[in-house]
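Here's the structure, in structure tokens; my notes come after.
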Amino acid sequence: MWSSLHVVQEYLESQSKSIVHAIQIVISAISGVRTRTLKPTPMLNENLTQIVAIVSSIVAVCKDSLGSAQQGRDVLRELSDHAHQLSKLRDEAVLTRESRKVMARSSFAIANAMKKLMTLQCFAY
């Protein structure tokens, strides 16, 4: 059991780095824009897609490892909810100020949920 939890912890650490990098690019792309609307760039959409894909993979890998840990299931649900928000925004042709705020909020929420997930006792060494 320890070995498989160790593998999950290492997986979470590597995926966390990828998510943080993608989130930094997303935040950089949407911050400082003073116009009412913003047309998403391919780079922005690519990074949103990457975040959503990584979160989906993490949820799939971790849900079986958590067993009956309610706190862990809550964190996975939070990750899924915010990834779904980003997925919906990724499909918009134009991003409004409000949708950019939601994008930033969901991106930061994913980063915070990843921190929580990595500190859960069921994944600690």
>> Please give me the summed charge of the neighbours of residue 71: other residues whose Cβ is under 12 Å from its Cβ, Lys and Arg +1, Asp and Glu -1.
In response: +1
> What dipole magnitude, in Debye to the nearest 20, does region 2-123 give about its Cα centre under +1 on Lys/Arg Cβ and -1 on Asp/Glu Cβ?
Replying inline: 540 debye
> Using the alpha-carbon atoms, what tilt in degrees (0 to 90, nearest 10) does helix 97-119 show relative to the longest principal axis of the chain?
Replying inline: 10 degrees
> Over 21 Å between Cα atoms, which of 88/116; 88/115; 17/115; 39/101; 63/115 qualify?
Replying inline: 88/116; 88/115
> What is the distance, in nm, between label points placed 7 Å from the Cα along the Cα-to-Cβ direction at residue 81 and at residue 105?
Replying inline: 1.1 nm
>> Net charge within 13 Å of residue 4 by Cβ-Cβ distance, Lys/Arg positive one each and Asp/Glu negative one each, not counting residue 4 itself?
In response: -2
>> Please report the projected area of the chain's Cα convex hull averaged over all directions, in nm².
In response: 7.1 nm²
> Summing -39500 (n - 2.57) over the DSSP H runs of n ≥ 4 in the chain and dividing by its residue number, what mean residue ellipticity at 222 nm do you reach, to the nearest 500 deg cm²/dmol?
Replying inline: -27500 deg cm²/dmol
>> Looking at the chain as a GNM with Cα springs under 10 Å, which of 70, 15, 85 has the largest mean-square fluctuation?
In response: 70
>> What do you get for the angle between helix 2-30 and the principal long axis of the chain? Use alpha-carbon atoms, 0 to 90 degrees, nearest ten.
In response: 10 degrees
>> With an 8 Å Cα cut-off and a minimum separation of 6 or more residues, compute the relative contact order for the chain in percent.
In response: 39 percent
>> Exposed loop sites here are trypsin sites (Lys or Arg not before Pro) in DSSP loop states with at most 15 other C-beta atoms within 10 Å. What is the longest stretch of the chain lacking them?
In response: 37-125
> Can you give the angle from 0 to 90° between the axis of helix 42-65 and the longest principal axis of the chain, with both taken from C-alpha atoms, to the nearest 10?
Replying inline: 20 degrees
> If each of residue 98 and residue 28 carries a label point 7 Å out from its Cα toward its Cβ, how far apart are those two points in nm?
Replying inline: 3.0 nm
>> From Cα pairs below 8 angstrom and at least 6 apart in sequence, can you work out the relative contact order of region 1-73, rounded to a whole percent?
In response: 39 percent
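Coordinate-derived values only; no laboratory data. Please read these numbers as outputs of a predicted model, since none were measured by experiment. No Cβ is skipped: glycine too gets one built from the backbone with ideal geometry, and neighbour counts run over all protein chains shown.
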